[in-house]
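Student: Before we start, here is the structure in question, set down as structure tokens.
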Amino acid sequence: MADFKSKKMTVPEAVRELIKDGDMMTFSGFTIWRRPMAMVHEIVRQGKKDLHLVEVNSGTHGEVLIGAGCVKVWESCFMGHELFGKIGANLNRKLKNGEIIVEDYSHVQMVMRLAAGSMGLPFLPTYCALGTDILNPEYDVLGKKGMRDGSNPRIPTEKFNYQEDPFYGERAVLNVPAARPNVCIAHVQQVGDEGTVKVMGQRYSDNEAMKAADKLIVVAEEIVPEEVIRQDPTANLIPHYLVDAIVEQPWGAHPTGCFGYYEVDGAFIRDFYSKTKTQEGFDAWAEEWILGCGDYNEYLYKLGFNRLDSLRANAAMNYSLRVKRGAR
């Protein structure tokens, strides 16, 4: 058997060695589920800047990065915290102040862009958003900023274009360009010690995001023996050879949820949303919960065992039996 080089890293090592200023990035999960918050905190601690986020439905992780001033460009379709904070207050504030560049696509268009990137294609056709103002040339923000001149190979030279149906002569289709991130950071339930990725529950656009990026960092609740994770190959999403680094970080998605392990900490997200509507509020929050903690484990210690344990999923039901539901 060939010698195996370990892909295991700590959170600080993965951020320091694999994420550079100006990188285009994407993430696993959906709004408030399976977001790589341990890595996000460390990106803020290390002061990464000028990041270009390309993602489907951003959430709490994006709000933290944007509030901290780490993001220069954001391309997506939605930002918010679901019922715990309807809109992205930090994105809204930075956009109004001209501190961030925002390029708007529809939800389906963003999925198609990552799908094209995951397949190595330059674009994919779709009917999505035809007839809407998303396609108004006046709203091609990157184009108006002069950023579609070809100098950055990760920014397409057009936001979209049209093509007549060459096969059936039906109506024109819209071509959306592939998304080609430098890095995808994924938070998952389990990863094999060689890198095979297991995702439990909903997978959202994880497959497309992970395969579209040049580098894939996988943060898992548990690193398990490769021979164990391969016993049920239908449960696995990504093969080991596509993974560049694996990190074991229990509770690494908090306050977002991780199906089968713990619930969304809605009270924490609601408090974050309430306190970070101003830059001064965000700075104070970040000092308390990120910069004031030496690492993510110190953040977890600050949260406390009782709070985390109340979110812990029941092993039989895959959700917490102690979280109140259906009430505000």
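Student: Looking only at the range 179-193, which residues are part of a loop (DSSP other than H, G, I, E, B) and surrounded by fewer than 21 Cβ atoms within 10 Å (Cβ to Cβ)?
Tutor: Hits for the range 179-193 are Asn182, Asp193.
Student: Restricted to the range 206-239, and to residues that are in a helix (DSSP H, G or I), charged (D, E, K, R) and over 17 Å from the mean Cα position of the chain (by Cα), which residue is farthest from Ala14 (Cα to Cα)?
Tutor: Per the criteria, the residue is Glu227.
Student: Still on this structure: All but one of (1) in a loop (DSSP other than H, G, I, E, B); (2) over 19 Å from Ala213 (Cα atoms); (3) in contact with a Gly (Cβ under 7 Å, 6 or more places away or on another chain) hold for Arg35; which doesn't?
Tutor: It is condition (2) that Arg35 fails.
Student: Taking the range 179-207 on its own, how many of its residues are among the aliphatic types (A, V, I, L, M) and out of contact with any Leu (no Cβ under 6 Å at 6 or more places or on another chain)?
Tutor: Residues meeting the conditions: 6.
Student: Further, regarding this structure: For Lys20, only one of the following conditions fails: (1) assigned to a loop (DSSP other than H, G, I, E, B); (2) more than 15 Å from Pro181 (Cβ to Cβ); (3) charged (D, E, K, R). What is its number?
Tutor: The number of the failed condition is (2).
Conditions tested, residue by residue: (1) crowded, with 17+ Cβ neighbours inside 10 Å; (2) more than 18 Å from Gly62 (Cα to Cα); (3) in contact with a strand residue (DSSP E or B) (Cβ under 8 Å, 6 or more places away or on another chain); (4) hydroxyl-bearing (Ser, Thr, Tyr).
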{"residue": "Gln231", "(1), (2), (3), (4)": "no, yes, no, no"}
{"residue": "Tyr241", "(1), (2), (3), (4)": "no, yes, no, yes"}
{"residue": "Val247", "(1), (2), (3), (4)": "yes, yes, yes, no"}
{"residue": "Pro255", "(1), (2), (3), (4)": "yes, no, no, no"}
{"residue": "Asp295", "(1), (2), (3), (4)": "no, yes, no, no"}
{"residue": "Tyr299", "(1), (2), (3), (4)": "yes, yes, no, yes"}
{"residue": "Arg325", "(1), (2), (3), (4)": "no, yes, no, no"}
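Residue-by-condition table, conditions (1) modelled with pLDDT of 95 or more; (2) closer than 24 Å to Gln189 by Cβ; (3) not basic (Lys, Arg):
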{"position": "Phe268", "(1), (2), (3)": "yes, yes, yes"}
{"position": "Lys275", "(1), (2), (3)": "yes, no, no"}
{"position": "Thr278", "(1), (2), (3)": "yes, no, yes"}
{"position": "Asp295", "(1), (2), (3)": "yes, yes, yes"}
{"position": "Gly304", "(1), (2), (3)": "yes, yes, yes"}
{"position": "Leu308", "(1), (2), (3)": "yes, yes, yes"}
{"position": "Ala313", "(1), (2), (3)": "yes, yes, yes"}
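Student: Let me ask something additional. Taking the condition of being surrounded by 15 or more Cβ atoms within 10 Å (Cβ to Cβ) and either of a type in the set (Val, Ile, Thr) or at negative phi (or both), how many residues in the range 122-151 meet it?
Tutor: 13
Student: In contact with a Pro (Cβ under 6 Å, 6 or more places away or on another chain), at pLDDT 95 or above, under 22 Å from Asn175 (Cβ atoms) and surrounded by 12 or more Cβ atoms within 10 Å (Cβ to Cβ) - does that describe any residue in the range 90-105?
Tutor: No, the range 90-105 has no match at all.
Student: Among the residues of the range 75-82, is any under 17 Å from Arg180 (Cα atoms) and of a type in the set (D, E, K, R)?
Tutor: Looking for residues that are under 17 Å from Arg180 (Cα atoms) and of a type in the set (D, E, K, R), one finds at least one in the range 75-82, hence yes.
Student: Go through the range 304-317 and give me each residue that's surrounded by fewer than 18 Cβ atoms within 10 Å (Cβ to Cβ) and either without any contact (Cβ under 8 Å) to a residue 24 or more places away in the chain or among the aliphatic types (A, V, I, L, M) (or both).
Tutor: If the condition is that a residue be surrounded by fewer than 18 Cβ atoms within 10 Å (Cβ to Cβ) and either without any contact (Cβ under 8 Å) to a residue 24 or more places away in the chain or among the aliphatic types (A, V, I, L, M) (or both), then Gly304, Phe305, Asn306, Leu308, Asp309, Ser310, Asn314, Ala315, Ala316, Met317 are the ones that fit.
Student: Looking at the range 262-280, which of the residues that are outside any loop (DSSP other than H, G, I, E, B) and of a type in the set (Asp, Glu) is surrounded by the fewest Cβ atoms within 10 Å (Cβ to Cβ)?
Tutor: Out of the qualifying residues, it is Glu280.
The values are calculated or read from the model by the stated rules, or taken from the named source; none is laboratory data. Everything quoted here is computed from the prediction, not taken from an experiment. Quick reminder, even Gly has a Cβ in these numbers, built from the backbone with ideal geometry, and neighbours come from all protein chains shown.
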